[in-house]
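Working notes, beginning with the structure itself.
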Amino acid sequence: MTRFQAPRPTDSLGTGMTSQRARDRLLERLKAQGIVDARVLEVIGRVPRHLFVDEALASRAYEDTALPIGLGQTISQPYVVALMTQALLRDGAPDKVLEIGTGSGYQAAVLSLLCREVHTVERIDELLRQARKRFRRLGYRNIRSKHDDGNIGWREHAPFDALIVTAAREALEPALLEQVAPGGIAVAPLGPVGQQTLVRMQRGTDGWSRENLGAVSFVPLVRGVL
């Protein structure tokens, strides 16, 4: 069902609290919360989330909760990853996606099994280096990554069929939204701290339509690089 099949290292299969049984329990929780896209559920069940967090937190990887990944950042709650991915795929899987905020690399890994190309931008160099190691180790070869300010996107590879933003601002930069092709989709958390809403937007001939998907809590989308 997934578009790409990456090889699985032995430890990606997991044991105990990181086993397939733990992943299956997570999938049942996601279904109960309204995740119905079979493609999304399959990929969430395949991507080894325990390899995207610190080893000390691996036993909690298949809990439906956000976890710290260092440097003040988090790996998003599985439900939120699934919800954003489901929203992005609603009208069909996009070929070319731009992700702003690589973080641990987990969301990019999920998208890489569903889309032809994933371009991801991260402002914190140390996080990006760790994510790149995971991509190489797990065989996700259709992910391109860049160390840069996510607010400016990745114009050299525009236009993109879809944009996904994994950190929050009150409004996205027009220069970033312009990198989405006409008819394309953007999914992002918008609003101030404590009042964020996950939004799905579609670019039409007369601007952007907007649909609210519910309250969320994300780290802020900060300018500059580290």
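Every number here is computed from the coordinates shown, using simple stated rules; none is lab data. Predicted model, so just to flag it, every value in this text is computed and none were measured. So basically every Cβ, Gly included, is an ideal-geometry build from the backbone, and we count neighbours across all protein chains shown.
Annotations for the structure displayed:
- Spin-label model, E55/A175: points 7 Å from Cα along the beta carbon direction are separated by 4.2 nm.
- Counting DSSP beta bridges with both ends in segment 127-226, the antiparallel % (nearest 5): 70 percent
- Dipole check for segment 107-195: with +1 at the C-beta of Lys and Arg, -1 at the C-beta of Asp and Glu, and the Cα centre as origin, the magnitude is about 640 Debye.
- Under the Karplus curve 6.51 cos²θ - 1.76 cosθ + 1.60, θ = phi - 60°, whole-Hz ³J(HN,Hα) for segment 89-96, x wherever Gly or Pro sits: 8, 3, 9, x, 5, x, 6, 10
- Just checking the listed ones, G105, G191, G207: in the Gaussian network model of the chain with Cα springs under 10 Å, the one fluctuating most is G207.
- Structure-based [θ]222 nm, the chain - -39500 (n - 2.57) summed over DSSP H runs of at least 4, per residue, nearest 500: -7500 deg cm²/dmol
- Relative contact order of the chain, defined on C-alpha pairs under 8 angstrom at six or more residues apart (%): 16 percent
- A full extension of the chain between A215 and T197 corresponds to an added length of 6.0 nm, given 0.36 nm per residue minus the alpha carbon distance.
- Note that segment 67-83 has calculated 3J(HN,Hα) couplings of 9, x, 10, x, 6, x, 10, 9, 8, 5, 3, x, 4, 5, 4, 5, 5 Hz, one per residue in order, obtained from phi through the Karplus relation 6.51 cos²θ - 1.76 cosθ + 1.60 (θ = phi - 60°); glycine and proline are x.
- Angle in degrees between helix 20-32 and the longest Cα principal axis of the chain, rounded to the nearest 10: 40 degrees
- Using C-alpha pairs below 8 Å separated by at least 6 residues, the relative contact order for segment 148-195 is 45 percent.
- At full extension, R223 and R136 could sit 28.6 nm farther apart than now, given 0.36 nm per residue minus the alpha carbon distance.
- Here's how it looks for L221: its modeled amide H is under 5 Å from those of A168, R169, which are all 5 or more places away or on a different chain.
- Inter-probe distance in nm under a simple model that places probes 7 Å from Cα toward Cβ, at R90 and A32: 2.5 nm
- The string of couplings for segment 42-50 from the Karplus curve (6.51, -1.76, 1.60, θ = phi - 60°) is 4, 5, 4, x, 9, 6, x, 4, 5 Hz, one whole number per residue in order, with x for Gly and Pro.
- Put simply, the amide H of F160, placed in the peptide plane, has neighbours under 5 Å in V180, A181, leaving out anything fewer than 5 places away on its chain.
- Remark on G184: its backbone amide H falls under 5 Å from those of R203, a criterion applied only to residues 5 or more positions apart or on other chains, H modelled at 1.01 Å from N.
- Under a model in which nothing but the beta-carbon of Lys, Arg (+1) and Asp, Glu (-1) is charged, the chain shows a dipole of about 660 debye around its Cα centre.
- Of the residues G214, N142, V97, the one whose Cα sits farthest toward the positive end of the charge dipole of the chain, with +1 on the Cβ of Lys and Arg and -1 on the Cβ of Asp and Glu, is N142.
- DSSP finds beta bridges in the chain, and of those with both partners inside it, around 45 percent are antiparallel.
- Range in the chain, longest, excluding exposed trypsin sites (Lys or Arg not before Pro) [loop by DSSP; at most 15 other beta-carbon atoms within 10 Å]: 4-89
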